[in-house]
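The structure appears below as C-alpha cells.
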Amino acid sequence: MLITDRIFEAFLHCETKAFLYLNGETGEGSEITEWRRRQKEEFNQKSRERFVSNLATEQWTIGTPSLIRPKQGRYQAVFDYEATSEGVRSLVQLIKVGVRGKARFSYGPIRFISSHKAAASDKLMVAFDALALLQCWKKAPLVGQIARGHGQEIATFRLDRLLNQAKRLLTSITDRSTKDTPPPILKKHCPECEYQLRCRKLALEKDDLSLLGNFSEKERKKHHDKGVFTVTQLSYMFKPRRRSSKIKFDQALRALAIRKKQIHVVGAPVLTKSGTSVYFDVEGDGDRDFYYLIGMRICSDESCVQHSFWADNPSYERDMWVTCLNVLGRIPNPQLIHYGSYETHFLDRMKLRYPDADPVLSAQLISTSINLLSNHLWTNLFPDPLEWPQRNRWLLGI
Ligand code: SF4
C-alpha cells in the first residue's frame, strides 16, 4: 500500500477522510473547497516566486533531478520533488540544499503555510516529507522548516521526534486500512471537506451525536460508556435544574430542542424590524486581514433569494463590497440581520476602508442592522432571569 502526502494530511484531520482517499472514493466539491484549493495554489506560487527572487536562475530547479546534481552543489533549492520511499510518496514543496566541500552535504524539507502560526499538523507534514526523502536521498534530514505567512517567516525545528511520530501515524493508517470504513464523526474540518454531503447524510441517518457539534472525543466516549449513541437518546437525559439561577450550556437541552423541533430562547426578543430582512453572513481571513465572502439571503413575502460575493485576494475585497452594496441598493429599505459581532465589525471596517463606497447606504446598514446574539439585546430585555417566562425558566433549569 502506498500512502501519499494527500492521504497522510487527510488522516491528520480525519480518519474517515484518509480512509475514503485510500479507497479512491470521490467526493463532491463545493464552492468553498474549490476556493480554498485556488487560494492554496496561488499562495504556493507566490511563495515560490518570493523564495527564488534571491537566487540566480541556475541555483534552483523544479521537478525530480538526479541526486548527483544537488549533491554536487548544483542547486540550492529544488521545488516539487517527487520523493518515494518504501510505502510512502510525497510531492515535497521545497528542498533546501547546502554543500560545503565534498563530505558536507545537508538538506531539509520546507513547507509554505499561509497562517502565521505553524500547527502541529504542519510540522508533521514536513516530517512526512522527510520520511519520503529518507530512502532516496540516503540520509535523514536533521531539521525541517516552515515558511509562515506572506512575510515567509522561517520556523526551524528538529525532526528526530517528529519522524517517530509520523512513523506511528503511518502504522495507524496501515492498520486502519484493513478494517471497515470508520463512521463519519462530524468535526470542525467538515465544512472544507469534499465528503461533507456524504458524511452529513450518514450522520443524519444514524442520528449521530456529532450532529450537535462541540463534542470532544472525551465527552463522546463518556456518553458511549453510558449507552448514549444518538441525539434522540441524549435528549432524554436532560434534567431541568430547579434551584440554580445559572444558565449552563447543556448538550442534552440542545438534543431535546432538536427532537422536539423547537427553538429554546430566553424570553421573546423584541426586534425592531423596519425594512426588507437580509440575512447576512461574512467570512474572512484573519492572517491576511481581509474578508473573502459575503453571503446574503433576502426574504420578501413571496420568495427568498440568495447571493454570494467572493474576493479571491485582498485586492478584490473592495469590488466584493461594492457589488454587495449595489445589490442591497436595489432593495427597498434593506435591514441586515446577522448572528454575532463579526458582521458588526465587518460593516465598521468596510466603512473605514472604503469611505467612498455608497456612504449613505453604508451608514444606514450600520444603524439598522440587528445582531441576534448581542448581549445587550438579552440583558436589556430581561435583566433578572427570574422574570423570564415560567416555561423558558423551566427549559433552562432555573
Ligand atoms: S466530511 Fe467530515 S467526517 Fe466526513 S470525511 Fe470529511 S472531515 Fe471526515
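The values are calculated or read from the model by the stated rules, or taken from the named source; none is laboratory data. In this text the structure is predicted, and so the values were computed from the model without any measurement. Virtual Cβ from ideal backbone geometry, glycine too; neighbours counted across all protein chains shown. Only protein heavy atoms, including side chains, enter the accessible area calculation; ligands, DNA and RNA are left aside. Shrake-Rupley method; radii C 1.70, N 1.55, O 1.52, S 1.80 Å.
Where residues in the stretch 186-210 are aliphatic (A, V, I, L, M) and open to solvent by less than 50 Å² (accessible area, probe 1.4 Å), which of them is farthest from the ligand (Cβ to nearest atom)? Can you show your working first?
Of all residues in the stretch 186-210, those aliphatic (A, V, I, L, M) come to 186, 197, 202-204, 209.
Checking the rest, the ones that are also open to solvent by less than 50 Å² (accessible area, probe 1.4 Å) come to 186, 203, 209.
Values: Leu186: 6, Ala203: 8, Leu209: 13 Å.
Here the residue is Leu209.
Looking at the stretch 164-176, is at least one residue closer than 27 Å to Arg48 by Cβ, more than 16 Å from the ligand (Cβ to nearest atom) and not in a loop (DSSP other than H, G, I, E, B)?
Of the stretch 164-176, the ones closer than 27 Å to Arg48 by Cβ are 166.
Remaining after also requiring more than 16 Å from the ligand (Cβ to nearest atom): 166.
Now restrict to residues that are not in a loop (DSSP other than H, G, I, E, B): 166.
Yes, there is a match, as at least one residue in the stretch 164-176 is closer than 27 Å to Arg48 by Cβ, more than 16 Å from the ligand (Cβ to nearest atom) and not in a loop (DSSP other than H, G, I, E, B).
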Counting only strands (runs of 3 or more DSSP E) entirely within the stretch 263-334, those with at least 2 residues that are among the aliphatic types (A, V, I, L, M) and surrounded by 16 or more Cβ atoms within 10 Å (Cβ to Cβ) are 276-285, 290-299
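Can you find, within the stretch 144-163, the residue that is nearest to the ligand (Cβ to nearest atom) among those that are part of a helix (DSSP H, G or I) and not hydrophobic (A, V, I, L, M, F, W, C)? Spell out the reasoning first.
Of the stretch 144-163, the ones part of a helix (DSSP H, G or I) are 160-163.
Then drop every residue that is not not hydrophobic (A, V, I, L, M, F, W, C), which leaves 160-161.
Numbers: Asp160: 30, Arg161: 27 Å.
Among those that are part of a helix (DSSP H, G or I) and not hydrophobic (A, V, I, L, M, F, W, C), it is Arg161.
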**Prompt:** Just a yes or no: is a residue in the stretch 129-150 buried (at least 20 other Cβ atoms within 10 Å of the Cβ), under 25 Å from the mean Cα position of the chain (by Cα) and acidic (Asp, Glu)?
**Reply:** yes
Would you check if there is a residue in the stretch 356-363 being charged (D, E, K, R), at pLDDT below 95, in the same structural domain as Ile263 (by TED's automatic domain parsing) and open to solvent by 40 Å² or more (accessible area, probe 1.4 Å)? no
Reported set for the stretch 81-100 where residues are part of a strand (DSSP E or B) and open to solvent by less than 50 Å² (accessible area, probe 1.4 Å) is Tyr81, Ala83, Ser85, Val88, Ser90, Val92, Gln93, Leu94, Ile95, Val97, Gly98
Across the stretch 211-228, the tally of residues that are open to solvent by less than 100 Å² (accessible area, probe 1.4 Å) and closer than 18 Å to Pro191 by Cβ stands at 4
By residue number, the members of the stretch 25-52 that are open to solvent by less than 80 Å² (accessible area, probe 1.4 Å) and free of Cβ contacts under 8 Å to residues at least 12 places away in the same chain are Glu34
